[in-house]
Amino acid sequence: MFDCHYDLLTYIYMNRRNLREVISHCNKIFYNNITCGIFNLFYMSKDEMKEELSIFPEEIDIIQNLKTVAYLIRRYRIIPQNIKYIIGIEGLDYLKSIEDIDILYSLGLRSTGIVWNNQNKFGGGIRAESSCGLTPLGETLVEKLVQKRIAIDLSHTNEKTFYDIINKCKLLKSKGLNPIIFASHSNSKTYCNVPRNLNDRQLLEIKKLNGIIGVVSVKDFCSKYKDMNYETSYINHINYIRRLFGGVENIAVATDDMSYYQIEKEKYENMNVFKQEEVKGKIEKLLLENNYTENEVKQILYKNACHKIFEKV
């Protein structure tokens, strides 16, 4: 299974002084389960990070953070050699200059969401004012990312920033460049109307640019009704997007699992529909029970994300 959004690099950084736990965790989730993915370091705005200082130091240096994680992965073989993965950064609030993208690229960066939930110098996240779109610096950043063939993740953008990025990518595509865009962990807003999900027009815009939707198994993004069968709700999002798209070619899956998180531990241990170590088998079973063909199941679980992201970056 290809997991389109898992903050594994943040988990490694958080637990860098307890690598036995990290290695044990990785062995458990990768065994006959997740075989490929986009693994992220995530960064919030300064206000939000005040509550997250157990993760990163007061002065955040994303280049040094990524160097540290990349070294630990190499030195201690934390991620098994047979696992394919893309390094991602979720939230570029602390990017000091556009040129630093070149350094991050040399360290392996191949995917990024330029905003988290709040507004930053590049654009607006879902909690930003609705009028806050891509800034001039954000336009420069998007062009740089497209030139470097770094995939742009739209999951946390507000609508104005979302469409500004889409339109900028369309313009760059008309000039011969090949933008790679996707929503790594978003569901259908029509089916579950929460800010982090996407409406039909947004979903279709991603499909038009041959991107993918990583349908995410976070309970709050699957259903607003606490008595809902969340497995049914999750598969209904895939069913809905398949009908909207007329096929499965632009659908993938994501966990955004944060059960490792130490703050509000009980909340994060129970926020996902599936346990991380059994997610592949559970989704596969649900798809087959809902009359997806074996080839469609392979496309959704692995092939689409590999073909449209992993093989392009």
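Just so you know, all these numbers are worked out from the coordinates, no wet-lab data involved. Keep in mind the model is a prediction, meaning the values are calculated, not measured. Here the Cβ positions follow ideal geometry from the backbone for every residue, glycine too, while neighbour counts run over all protein chains shown.
Quick notes on this structure:
- Residue order, fewest to most beta carbons within 10 Å, for D47, D220: D47, D220
- For the chain, no complete DSSP H run has alpha carbons reaching 27 Å or more along its own long axis together with a mean Kyte-Doolittle score of -1.0 or higher.
- Using alpha carbons only, the radius of gyration of region 253-313 set against its Kirkwood radius gives Rg/Rh = 1.08.
- Over the residues of the chain, the helix contribution to mean residue ellipticity at 222 nm works out to -11500 deg cm²/dmol, using -39500 (n - 2.57) for each DSSP H run of at least 4.
- For the chain, the residue among I29, N295, S111 whose Cα projects farthest onto the positive side of the dipole built from Cβ charges is N295.
- Relative contact order %, region 1-106, counting alpha carbon pairs below 8 Å whose residues are six or more apart: 37 percent
- Share antiparallel - DSSP beta bridges, the chain, percent rounded to 5: 10 percent
- Averaging the sequence gap over all C-alpha pairs within less than 8 Å and six or more residues apart, then dividing by the number of residues, gives region 2-310 a relative contact order of 17 percent.
- Restraint check, K148/K308; K160/K308; K144/K303; K280/K303, Cα-Cα greater than 23 Å: K160/K308; K144/K303
- Calculated FRET value between K67 and L177, using beta carbons and R₀ = 51 Å, to 0.05: 0.95
- Taking N as its residue count, the alpha carbon Rg of region 158-313 over 2.2 N^0.38 Å: 1.06
- Candidates I251, S217, Y261 compared by Cα position along the dipole of region 182-286: farthest toward the positive end lies I251, with charges placed on Cβ.
- The distance from the alpha carbon centre of region 75-152 to that of region 182-233 is 21 Å, rounded to a whole number.
- Region 58-92 residues near the modelled I103 label - backbone nitrogen below 13 Å, point 7 Å along Cα→Cβ: 60-68
- Ranked list, fewest to most other Cβ atoms within 10 Å of each Cβ, for T293, T135: T293, T135
- Lysines with Cα under 19 Å of K224, excluding same-chain neighbours fewer than 8 positions away: K189, K267
- When the alpha-carbon atoms of the chain are used, the pair Rg, Dmax equals 18.1, 51 angstrom.
- Evaluated with a Cβ-only charge set (Lys, Arg +1; Asp, Glu -1), the chain carries a dipole of roughly 820 debye about its Cα centre, given to the nearest 20.
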